[in-house]
Amino acid sequence: MSILELRRVSKVYGQGAAEVHALRTISLSVDAGAMVAVMGPSGSGKSTLLTIAGTLEDPSDGEVLIGGMDATHMPRNEKARLRRRAIGYVFQDFNLLPGLTAAENVALPLELDGVTARRARQAARGALERLGLADRGGHFPDQLSGGERQRVAIARAMTGERQLLLADEPSGALDSVNGEAVMRLIRTACKSGMAAVVVTHDAQLASWADRVVFLRDGRITDRAQPAGPESLLRPEGHGR
């Protein structure tokens with residue numbers, strides 16, 4: 001079953017001489033349990049693809065389906081509810097609230113969706129424990145290392161019954177060991193049935209994905225099926 005489906009999605013910013021085509025008729029489908037990595041140069045449209053896939057922005061043209069539901073024309077309050085319940089985000093800067101502990105940051109989306117504080121904190125503690133942060137739940141973000149903050153952000157994105165995980169350079173500020181650990185965690189989330197779209201500049205990390213999509217100037221220019229994290233990534237049809 002397709003969790004995310006982009007149908008001929010385009011995004012245009014500005015008008016006239018200032019018009020910028022960030023995405024041009026992008027079509028992409030991601031099934032439950034699958035991880036798709038998105039690669040491309042700066043300005044190719046990678047982050048715009050994520051924000052539209054997550055309903056944070058509307059496309060200028062085309063359709064976005066999440067879990068089979070057309071999210072393109074949903075009222076704003078329904079989109080917000082869909083994001084809280086079905087979509088987990090991992091942002092480049094983590095977006096943790098500094099005044100909340102790690103456990104409170106993870107629990108917050110559940111509480112906003114009406115889950116009792118007790119059940120939300122219980123789910124948060126379980127998520128942190130699975131990510132090796134059982135003893136860090138009471139710490140504030142500025143008391144955590146960069147790798148720990150990243151894992152808290154991933155725990156928040158995976159807590160609850162999320163169908164879709166969207167991650168923008170989730171390993172960008174981490175060393176290679178922690179970067180691979182992050183991709184392994186996302187891979188584990190996919191094994192439990194989530195779909196994931198991960199933007200990364202690192203081919204070695206992208207090799208954890210089932211498919212790699214290459215963007216340039218807002219268009220999909222190539223697709224690849226990596227042989228695995230130990231392999232060098234080569235797009236289909238490219239010579240050795």
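The values are calculated or read from the model by the stated rules, or taken from the named source; none is laboratory data. Since this is a predicted model, take the numbers as computed values, not measurements. Note that we place each Cβ from the backbone using ideal geometry, even for glycine, and neighbour counts take in every protein chain shown.
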Scanning the stretch 104-120 for residues that are farther than 19 Å from I87 by Cα and either touching a helix residue (DSSP H, G or I) at 6+ places or on another chain (Cβ under 8 Å) or crowded, with 23+ Cβ neighbours inside 10 Å (or both) gives A117, R119
Within the stretch 56-74, the residues that are farther than 19 Å from R219 by Cα, in contact (Cβ under 8 Å) with a residue 24 or more places away in the chain and not aliphatic (A, V, I, L, M) are G67, G68
Take S42 and decide whether it is among the small types (G, A, S), under 14 Å from L6 (Cβ atoms) and either touching an Asp or Glu at 6+ places or on another chain (Cβ under 7 Å) or modelled with pLDDT under 95 (or both).
no
Suppose we filter the stretch 155-178 for residues that are crowded, with 23+ Cβ neighbours inside 10 Å and either part of a helix (DSSP H, G or I) or on the phi > 0 side of the Ramachandran plot (or both); how many remain?
3
What's the number of the condition R136 fails, among (1) charged (D, E, K, R); (2) buried (at least 19 other Cβ atoms within 10 Å of the Cβ); (3) under 18 Å from G88 (Cα atoms)?
(3)
Would you confirm, using the coordinates I've provided, whether V182 is among the hydrophobic types (A, V, I, L, M, F, W, C) and either assigned to a helix (DSSP H, G or I) or touching a Leu at 6+ places or on another chain (Cβ under 7 Å) (or both)?
yes
Among the candidates A86, A32, A53, A71, single out the residue that is of a type in the set (A, V, I, L, M), buried (at least 19 other Cβ atoms within 10 Å of the Cβ) and within 26 Å of A203 (Cβ to Cβ).
A53
I'd like to verify a number: residues in the stretch 127-148 that are assigned to a helix (DSSP H, G or I), farther than 18 Å from R187 by Cα and at pLDDT 90 or above, how many?
3
For the stretch 210-236, give me each residue that is part of a loop (DSSP other than H, G, I, E, B) and modelled with pLDDT of 85 or more.
D210, D217, G218
Restricting the search to the stretch 72-88, which residues are at pLDDT 90 or above and touching a helix residue (DSSP H, G or I) at 6+ places or on another chain (Cβ under 6 Å)?
G88
Flag for D70 being within 20 Å of Y13 (Cα to Cα) and charged (D, E, K, R):
no
Can you run down the residue pairs with Cβ atoms below 8 Å, 6 or more apart or on separate chains, where the first is in the stretch 44-55 and among the small types (G, A, S) and the partner is part of a loop (DSSP other than H, G, I, E, B)?
S44/D217; S44/G218; G45/D217; G45/G218
Test of understanding: among R8, R76, R84, which residue is among the basic types (K, R) and on the phi > 0 side of the Ramachandran plot?
R8
Taking the stretch 187-209 on its own, how many of its residues are under 18 Å from S47 (Cα atoms), in a helix (DSSP H, G or I) and out of contact with any Ser or Thr (no Cβ under 9 Å at 6 or more places or on another chain)?
1
